[in-house]
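For reference, the structure discussed in these notes is given below.
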Amino acid sequence: MRRLPLALALAGLFAGATAQAQDSRQVEEPTIPRACALLFGESTNTGRDDAARIQAAIDKCAPGRAVVLAASNDKRSFVSGPLVLKSGVTLVVDAGATLYASTDPRLFDRGAGTCGTNDAAGRGCRPLITAENTRGSGIMGPGSIDGQGGQTMAGKNESWWQIARRAQKEKTRQNVPRLIQVDRSQDFTMYGILLRNSPNFHVTLNGVDGFTAWGVRIDTPHDARNTDGIDPISSRNVTIAHSWIRTGDDNVAIKAGNSGPTENISLLHNHFYSGHGMSIGSETNGGVRKVLVDDLSMDGTTSGLRIKSNDTRGGSVSGILYHDVCLRGVKAPIDISSHYEQAATPGTLVPSYTDIRMERVRSVGPGPGRVILQGYDDAHPLQLALGDVTVEGQPNIMMGHARLSGTPINAPRSANIECSEKFPAFPAEALRDPRPRLTPEQAKAYDYREVLKYVGPVGAERVEPWDPLADPLVTQARLAADYTVDPRAPADGVTRFSTVQAAVSHALLDTARKQRIVIRLAPGNYDELVYVPPGSAPITLVGDGPDPRATRIRAGLDASTSGATYRQRYAAQFAQAAPAIRAIYDSLKDLPALGTYGSSTVWVQADGFQARNLTIENTFNRDGAMSHNECSGDNCPDNTGGSRVHHQAVALRVDGADRVQFEQVALLGLQDTLFLNSKDGSATVRSFFHKSYVEGDVDFIFGDTIAYFQDCEVKQIGGRPASYALAPDTSRRARYGFVFNGCRFSGDTSARARDTQFYFARQWFHNQRCTPYGNPPVDGYSCSLGEVDVYQAPKGTIRKRTLEAVGKAVILNSRIGAHIVKSHPWSEWNRNGTLAHRPAQFDSNDWWDNLRRAGFDPAAKLGETARPAPADIYLGEYNNTNE
């Protein structure tokens, strides 16, 4: 937590100084409140008005909480007309989300029908966001608010900025909305937000007591007229700190009109770019006093330190201290004028500038710059004290009615202020390509021989080369069979069997054989379970039909199947099975529900297992008879994350087995078709799929092992709100996860797929019970580091190992179907606000940065010494083509 030492007595910098120029509050870096509601955007920023649902959430929110506008994959845009904040409620625009001001002037009109036009009065539009008579409200978050000032207004042929520029030529006033207006409020906070493209002023304060802007970015083109950054007017106790502002008018303009003085203002550690500078005025008739500007850089502003007024709106400006200011490329680095836009007829509100002080101010080229030091008259002179003020070159100094003290401008300096490091680039918006693309050099590391040569302890794998494409399974057209399975032929229980499981059971007991045992399956449907525990010889299953579909091993278990139902269906099958097979059956038969792991049609634990030219299917709900009972969007209750649980049903599980190989195999299911897991996550194993086909709807290729898919097809079935082909949970310490090379990602073209969003993957947040990411709207919520994964509302713990299950998948040289969401094909794991939320993480930098933002600094809390350099790849694409 950073704290600003606002109580520091700066008066000692000058002999005889008396003014205390500072916010009287103790200001600390803000924190974002816990969410009361999360709303999710859409994929476009046109054609709608989200104001009603945002305003409803604000109105329902309890004080001290926040309404969060959140991004979810490609749905990250909100469009709104006017919004009104209430006391104690914060509007948070989360990372990746943008709140756009509507371009429809009718939504902002105050009732006269003038919004979006020019006239003599102006001010015919309501602001996008208003806070009036509030206490403790705010606008926060790493997202952005975009006023769309340069976009053509709905029903018009001009933009907001264009009518403002036309008003300047016509000597009229534009009716355009301000972005944020805070009136007669207390303790308003802005933190971390990006504001851009306001049609008019970005932030205006009127009669505010207590305002903090910390880490705010304002970014609007230099030629956008009347787009002031932050304007405190007749307000007090204002701090603007650690912020970056570039705009088309005053970066900051401190004003005081008829509503009273502006006082106790601190601007600390800020950076200004294009704009009209650090201004006081032009309205000063209410009085401006006690202002501190410290550690400010201005790079390319038209004016620098600027005080402007005239006798139609002038007043007392006193107790102003500028300290440690660096300017570069500023035409008028010091611009103090009491005849700004002087009216033809003199007024009676005479400007008075007293006790103005500049200490350690340096202006550098290009160009010498212009210095304007102009009091009103001899009775109302500018009183300015100078100390170590330098303007590079020979500045044009225009001075009148000015009383200067201290050291002259460009006098030899007693303390050198070095500005070369004071001009950082404006921080770019954190935009990343939603398609994590590999370089050719990175792609070389994903050759199948390179990927498949690593096996063993995660993070310390040994090299054990394996070339599955050289195996007889691939190279030989026909393999000699040791056993045959044919339910239509007599069985002898030695080499001829009527079920696949009986043949596998005998192979386990056939200890005399040390070489591979090939089991040939006659074409047909095998309605049974097949469990393959470790044995003395590796096993190969080969279908004897013309194609994989001719030979099917199928069953219909799902995660909710009870042990009793399982016994009823399969007790007879396992009654005479080998002990190792029977042990698997016994581990399931008394469970209240089999769970995902126990739903497998084929369950392989044996190293070296192979299958060719057959289909493995989990038939559960393949006919679509069962409703999915799902919800989507903001209507999902109880932190479900947009999708109620659907029954997982595994076709093939490869469970801790190494060197497992599938040639021309079809795997059919819906959710969780193919499960590839290591025994306990501590050691990686390898699987290879060649010219094979995998079909499902959600997370249907999932697990934590190395799996290489060469020349395969992955087909996604529609009918649910979202489909994710992959759900890896690879450890971040593992070298590789899932790799798809030369594959085709195809999609369902039936009517049921019309409303389904199709994604490549979401990274399985395995074992978590709470999440450190996002904004769960739970009172008192916390998720801290612990020894177990547990959640008892509202608090939970999460293990380091769970945080490290990042999930790795790379797709290269493949064909991508038109069904895939092109803008964001790599999905988050459940939506922000749910207890299972985690954002997509493309590499180790994402992992590191996301944890730091969540309060789990990898160095401080997880014992990591340094982030990997270059970053480890988690998700990647290379040389793919779209169908």
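The values are calculated or read from the model by the stated rules, or taken from the named source; none is laboratory data. Quick caveat: nothing in here was measured; it's all calculated off a predicted structure. Every residue, glycine among them, receives a Cβ derived from its backbone with ideal geometry; neighbour counts consider all protein chains shown. Just so you know, the surface numbers come from the protein's heavy atoms only, side chains and all, with ligands and any DNA or RNA stripped out. Shrake-Rupley method; radii C 1.70, N 1.55, O 1.52, S 1.80 Å.
Assorted remarks:
- Using the Cβ-Cβ distance between residue 121 and residue 378 with R0 set to 35 Å, the FRET efficiency works out to roughly 0.35.
- Rg [Å, one decimal], Dmax [Å, integer] - the range 710-831, C-alpha atoms: 17.1, 50
- Residue separation of residue 46 and residue 733 scaled by 0.36 nm, minus their Cα-Cα distance, works out to 243.0 nm of gained length.
- Both radii come from the Cα set of the range 496-537: Rg as radius of gyration, Rh as Kirkwood radius; their ratio Rg/Rh reads 0.96.
- Cα→Cβ-extended label distance, 7 Å offset, between residue 28 and residue 515, nm: 7.6 nm
- Charge dipole of the range 345-461 about the Cα centre (unit charges at C-beta), most positive-ward option of 406, 348, 389: 389
- Local electrostatic count at residue 845 - Lys and Arg +1, Asp and Glu -1, tallied over other residues with Cβ under 11 Å: -1
- Taking only the C-alpha atoms of the range 233-342, Rg followed by Dmax gives 12.8, 36 Å.
- Computed on the Cα trace of the chain, the radius of gyration divided by the Kirkwood hydrodynamic radius gives Rg/Rh = 1.11.
- Cross-link reach is defined here as a Cα-Cα straight distance under 13 Å, omitting same-chain residues fewer than 8 places apart; for residue 800 the aspartates and glutamates meeting it are 787, 789, 857, 864.
- Residue-count net charge about residue 203 - beta-carbon cut-off 11 Å; Lys, Arg +1, Asp, Glu -1: -1
- Where the range 228-289 is the region considered: accessible area per residue in Å², 1.4 Å probe: 20 Å²
- Heavy-atom surface of the range 753-883, accessible at 1.4 Å and reported per residue (Å²): 40 Å²
- Percent of C-alpha pairs per 5 Å bin, the range 416-479, short to long: 3, 11, 10, 11, 11, 11, 9, 7, 7, 6, 5, 4, 2, 2, 1, 1, 0, 0
- P(r) tail fraction, the range 541-607 - alpha-carbon pairs more than 18 Å apart, %: 44 percent
- With 30 Å as the limit, the listed pairs 691/808; 290/422; 795/861; 444/691; 60/156 have 60/156 beyond it between alpha carbons.
- Extension gain, residue 495 back to residue 259 (0.36 nm per residue minus Cα-Cα distance, nm): 75.0 nm
- Shape class for the range 765-882: oblate, because the ratio a/c of the largest to smallest gyration tensor axis (alpha-carbon atoms, square roots of eigenvalues) is 1.5 or more and b/c is at least a/b.
- Overall, the range 748-883 carries a charge dipole of about 220 debye about its Cα centre when +1 sits on the Cβ of Lys and Arg and -1 on the Cβ of Asp and Glu, all other atoms neutral.
- Whole-percent pair-distance distribution, where bins are 10 Å wide, for the alpha carbons of the range 58-139: 18, 37, 32, 13, 1
- Cα pair distances in the range 367-412, grouped into 5 Å bins until the bin that holds the longest one, percent each: 6, 22, 25, 27, 14, 6, 1
- Accessible area in square angstrom per residue, the range 39-86, 1.4 angstrom probe: 36 Å²
- Unit charges on C-beta of K, R, D, E only; dipole of the chain, Debye: 300 debye
- Additional length obtainable on full extension of the chain from residue 481 to residue 682, 0.36 nm per residue less Cα span: 68.8 nm
- For the range 461-528, the gyration tensor built on C-alpha atoms gives a prolate shape. Its axis ratio a/c (a ≥ b ≥ c) is at least 1.5, and a/b is the larger of a/b and b/c.
- Cα gyration tensor category, rounded, prolate or oblate, for the range 155-253 with a/c compared to 1.5: prolate
- Using θ = phi - 60° in the Karplus curve 6.51 cos²θ - 1.76 cosθ + 1.60, the 3J(HN,Hα) couplings for the range 547-554 round to 7, x, 6, 6, 10, 10, 9, 8 Hz; x is entered for Gly and Pro.
- Value of Rg to Rh for the range 318-413 (Rh from inverse mean 1/r over Cα pairs, i.e. Kirkwood): 0.99
- Mean projection area, nm², convex hull over Cα of the range 348-387: 3.8 nm²
- Dipole orientation for the chain: of the candidates 518, 742, 570, 570 has the Cα lying most toward the positive pole (charges on Cβ; Lys, Arg +1; Asp, Glu -1).
- Ranking 781, 836, 760 by Cα position along the charge dipole of the range 686-845, where only Lys, Arg, Asp and Glu carry charges on their C-beta atoms, puts 760 farthest toward the positive end.
- Calculated log₁₀ intensity ratio I(q)/I(0) where the Debye formula runs over C-alpha points of the range 105-216, q = 0.24 Å⁻¹: -1.24
- Alpha carbon Rg of the range 346-486, scaled by the compact-globule rule 2.2 N^0.38 Å: 2.61
- Whole-percent carbon and sulfur share, accessible surface of the range 324-468, 1.4 Å: 53 percent
- Dipole size of the range 734-810 about its Cα centre, with +1 on Lys/Arg Cβ and -1 on Asp/Glu Cβ: approximately 260 debye, rounded to the nearest 20.
- Antiparallel bridge percentage (DSSP; both residues within the chain; nearest 5): 10 percent
- Per atom type, the range 754-883 shows carbon and sulfur on 47% of its accessible surface, probed at 1.4 Å.
- In this simple spin-label approximation, residue 62 and residue 425 carry label points 7 Å from Cα along the Cα→Cβ vector, and these lie 4.6 nm apart.
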